[in-house]
Amino acid sequence: MGGIRGECGGNLACATCHVLPDPAWIARLGPPSAPEDDLLDFLDDERRPESRLSCQITASEALDGLILTVPAP
């Protein structure tokens, strides 16, 4: 079964919370930080240009309605 494992508990240490934001939201999220970008290179699944780690997306009213897809395993 797929889903977000989040094994590191949001500590930016594992990349198991890989998500794909809807393209309409990319600009609002901003680019990944350098450490997040590095971890995205070690994904078990395919990295895409829009790939992000959900533990690094700070929830706020500005992101109300954000659409994220969890890649198929």
Filtering the range 27-37 down to residues that are assigned to a loop (DSSP other than H, G, I, E, B) and free of Cβ contacts under 8 Å to residues at least 24 places away in the same chain, which residue is surrounded by the most Cβ atoms within 10 Å (Cβ to Cβ)?
33
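Quick grid of which residues meet (1) of a type in the set (S, T, N, Q); (2) loosely packed, with under 10 Cβ neighbours inside 10 Å; (3) outside any helix (DSSP H, G or I):
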residue: 5; (1), (2), (3): no, no, yes
residue: 11; (1), (2), (3): yes, yes, yes
residue: 15; (1), (2), (3): no, no, yes
residue: 25; (1), (2), (3): no, no, no
residue: 39; (1), (2), (3): no, no, no
residue: 45; (1), (2), (3): no, no, yes
residue: 50; (1), (2), (3): no, no, yes
residue: 58; (1), (2), (3): yes, yes, yes
residue: 65; (1), (2), (3): no, yes, yes
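Of everything in the range 14-45, what is among the aliphatic types (A, V, I, L, M), farther than 22 Å from residue 64 by Cα and in contact with a helix residue (DSSP H, G or I) (Cβ under 8 Å, 6 or more places away or on another chain)? Give them in sequence order.
Filtering the range 14-45 down to residues among the aliphatic types (A, V, I, L, M) leaves 15, 19-20, 24, 26-27, 29, 34, 39-40, 43.
Now narrow it down to the ones that are farther than 22 Å from residue 64 by Cα: 15, 34, 39-40, 43.
Scanning the range 14-45 gives a single hit, 15.
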Those residues of the range 50-73 which are under 11 Å from the mean Cα position of the chain (by Cα) and either more than 19 Å from residue 10 (Cα to Cα) or among the acidic types (Asp, Glu) (or both), in sequence order:
50
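Since every read-out is calculated from the coordinates, none of them should be taken as a lab result. Please read these numbers as outputs of a predicted model, since none were measured by experiment. Positions of Cβ are backbone-derived with ideal geometry, glycine not excepted, and every protein chain shown enters the neighbour counts.
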